[in-house]
Amino acid sequence: MKARLQVHITPDDVGRRVSVRSRLSAAPGEPSTTDTVGRLLAWTDDELRIERRDGTVASVPVTSLLAGKVLPEQPPRHG
């Protein structure tokens, strides 16, 4: 049984922590999807901008979205 991928996030979720799966234009034999987890900074007609925990910002084309969901906030890191 195959799981159905669904996008359960919208532009209204800007500012929230999300996980998205998107399609890559990968070479044969390489992974064809990737997951990005972090704070949704922006959602335009063309792309989502997601800040990862390490501070880097990923740009995800809207047309490549396969799935997405809002995640609970992470507890503070100790150390």
Quiz item: Is it fair to say Gly68 is modelled with pLDDT under 95 and not in a helix (DSSP H, G or I)?
Solution: no
Quiz item: Quick one: in the range 16-28, which of the residues that are at pLDDT 95 or above and basic (Lys, Arg) is least open to solvent (accessible area, probe 1.4 Å)?
Solution: Arg17
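Results for (1) on the phi < 0 side of the Ramachandran plot; (2) of a type in the set (A, V, I, L, M); (3) open to solvent by less than 90 Å² (accessible area, probe 1.4 Å); (4) without any contact (Cβ under 8 Å) to a residue 12 or more places away in the chain, shown as yes or no for each residue.
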residue	(1), (2), (3), (4)
Glu30	yes, no, no, yes
Ala42	yes, yes, yes, no
Asp45	yes, no, no, no
Ala58	yes, yes, yes, no
Pro61	yes, no, yes, no
Leu66	yes, yes, yes, no
Pro75	yes, no, no, yes
Exercise. Would you be able to say whether some residue in the range 7-15 is of a type outside the set (A, V, I, L, M), surrounded by 13 or more Cβ atoms within 10 Å (Cβ to Cβ) and in contact with an Asp or Glu (Cβ under 9 Å, 6 or more places away or on another chain)?
Key: no
Quiz prompt | the range 1-59: number of residues that are among the charged types (D, E, K, R), closer than 18 Å to Glu73 by Cβ and assigned to a loop (DSSP other than H, G, I, E, B) | solution = 4
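The values are calculated or read from the model by the stated rules, or taken from the named source; none is laboratory data. Not measured: the values here are computed from a predicted model. Every residue, glycine as well, gets a Cβ built from its backbone with ideal geometry; the counts of neighbours run over all protein chains shown. Each accessible area value is taken on the protein alone, full model and side chains, heavy atoms only, with ligands, DNA and RNA left out. Shrake-Rupley method; radii C 1.70, N 1.55, O 1.52, S 1.80 Å.
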